[in-house]
Amino acid sequence: MRILLVSFYYHPEIGAAPSRITNMAEGFREQGATVDVLTCLPNYPKGKIFDGYRHRLSMTEPSETGTIFRYWTYATVSKRPIPRALSMLSFAFIMWLFAFRFKRIPQYDAVVIQSPPLPVSFSAVLLFKCLYNRKTILNISDLWPLSAVELGAMKTGSIMYKVFAFIEHFIYKHSDGIFGQSNEILRHIKNFDSPKNLCLYRNFQRYEISKVARRRHNPMKIVYAGLLGVGQDILGIIKHIDFKKLGVEFHIYGGGNQTNEIESYIQENCDCNVYYHGYVNKDKIAKVLSDFDTSIVPLAVHIQGAVPSKIFDILPIGLPVLFCGGGEGAEIIRNYGVGYVSEPGDYIGLTNNIKKLMTLSDEEYDAFSRNCLKTAGTDFDFDRQMKNAYLFVKKIAMKKRN
């Protein structure tokens, strides 16, 4: 089977979004598929096109899964809506250059399209479903425009909201199947008038599960590795929680539009027990996480359907989770007993949870860690999920086209 993955993000970019699609491509290949990828010239999360890819309109490169087709996009990490919209729209338009590969496109049995960004997924559905009549499957990781409203970036009833709501309805209606990152996402999609083939596809990572439980450091070392944006608001955490007074260290890895502010705060408060280490590559993240005792996984506000992928990064290492958020993510932490939960922006609650973890006996912490490892090896197994996802795509691809 030949599959085309369409995504705004892809390796060698770092973060949850490129990791999710890269893992999917590699997983499909291991199931026997040839997987090509249509994506941007890499620029995320710094907002600058990487060395070796600059001054190009497009680039084709071989990979272990198939072929990667990269096209130029306006790269930015600006918080302002206009530059961010230009970035998404530039790729949404320029991807149509791929239509000139008209001999290649009919060879694909299925096209899997990452959404959001909605302008990109809308353009891809128009191209591959409406123009070329390929079997099209959406991979929905966030519920736009609902997420934008919950983050305060958009108002219900505004012109922009109506445009995005139209796009959302359009891509659901014209797809042949949908992957949803959470059960909340799948329930939301079921509210639309056109029934679809739906499949739960969480952002699991393929990390080797640790064979031994964690042993705490003294002082206890907390880590955050991921996007440093307003949706996570690590800046708010380091401003409101006195890690030095607690007697713990907080180590930060990653990048995003809060990076400069975080670095400035640490420089101005050099004895705050907070340390920023920059970026870490996907192939090194497991080793980095294994040096710590627990990880904070924050959401600045509750976002319907959002289950942070960092939960699934952390459990195979045996790290208990300090989750700041609600919804399905909080349910997972509580139901599986793999950490403590506080509400978004509840710094007192997060502080109390850190204290709880600190006061566990060595035996209690050991049991906590072992429960994380057990959960990662059973219900959150990457290979098992990948087999189900491949069968889902294959079933749709084999259906007679209209």
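Rundown of residues vs (1) more than 17 Å from Asp36 (Cβ to Cβ); (2) aromatic (Phe, Trp, Tyr); (3) open to solvent by 10 Å² or more (accessible area, probe 1.4 Å), yes/no style:
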| position | (1), (2), (3) |
| --- | --- |
| Glu64 | no, no, yes |
| Phe69 | no, yes, no |
| Leu86 | yes, no, yes |
| Ala99 | no, no, yes |
| Phe102 | no, yes, yes |
| Ala110 | no, no, no |
Any residue in the range 332-352 that's under 20 Å from Lys239 (Cα atoms): show its pairings with residues that are open to solvent by 70 Å² or more (accessible area, probe 1.4 Å) and not β-branched (Val, Ile, Thr) at Cβ separation under 7 Å, as long as the two are six or more apart or on different chains. Val341/Arg334; Pro344/His302; Tyr347/His240; Gly349/Glu343
Would it be correct to say that Glu331 is within 21 Å of the chain's Cα centre (by Cα), open to solvent by 30 Å² or more (accessible area, probe 1.4 Å) and of a type in the set (D, E, K, R)? yes
Go through the range 17-62 and give me each residue that's part of a loop (DSSP other than H, G, I, E, B), more than 15 Å from Val111 (Cα to Cα) and open to solvent by less than 30 Å² (accessible area, probe 1.4 Å). Leu41, Pro42, Asn43, Pro45, Gly47, Ile49
Go through the range 371-402 residue by residue and tally those that are of a type in the set (D, E, K, R), in contact with a Lys or Arg (Cβ under 9 Å, 6 or more places away or on another chain) and in a helix (DSSP H, G or I). 1
Are there any pairs, at least 6 apart or on different chains, whose C-beta atoms fall under 7 Å, with the first in the range 233-251 and surrounded by fewer than 16 Cβ atoms within 10 Å (Cβ to Cβ) and the second in a loop (DSSP other than H, G, I, E, B), and if so, which? Lys244/Asp271; Lys244/Cys272; Lys244/Asn273; Gly247/Pro219
Identify, from the list Pro320, Pro298, Pro316, the residue that is more than 20 Å from Val248 (Cβ to Cβ) and in contact (Cβ under 8 Å) with a residue 12 or more places away in the chain. Pro316
Given the conditions (1) within 26 Å of Pro316 (Cβ to Cβ); (2) outside any loop (DSSP other than H, G, I, E, B); (3) at pLDDT 90 or above, every one holds for Phe292 apart from (2)
If you go through the range 63-78 one residue at a time, do you hit one that is modelled with pLDDT of 95 or more, more than 19 Å from Gly255 (Cα to Cα) and in contact with a Pro (Cβ under 9 Å, 6 or more places away or on another chain)? yes
From the list Ser78, Ser90, exactly one residue is outside any strand (DSSP E or B) and either touching a strand residue (DSSP E or B) at 6+ places or on another chain (Cβ under 9 Å) or surrounded by 17 or more Cβ atoms within 10 Å (Cβ to Cβ) (or both). Which is it? Ser90
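The values are calculated or read from the model by the stated rules, or taken from the named source; none is laboratory data. Quantities reported herein were computed from a predicted structural model and do not represent experimental measurements. Positions of Cβ are backbone-derived with ideal geometry, glycine not excepted, and every protein chain shown enters the neighbour counts. Keep in mind that these areas ignore ligands, DNA and RNA; they rest on the heavy atoms of the full protein, side chains included. Shrake-Rupley method; radii C 1.70, N 1.55, O 1.52, S 1.80 Å.
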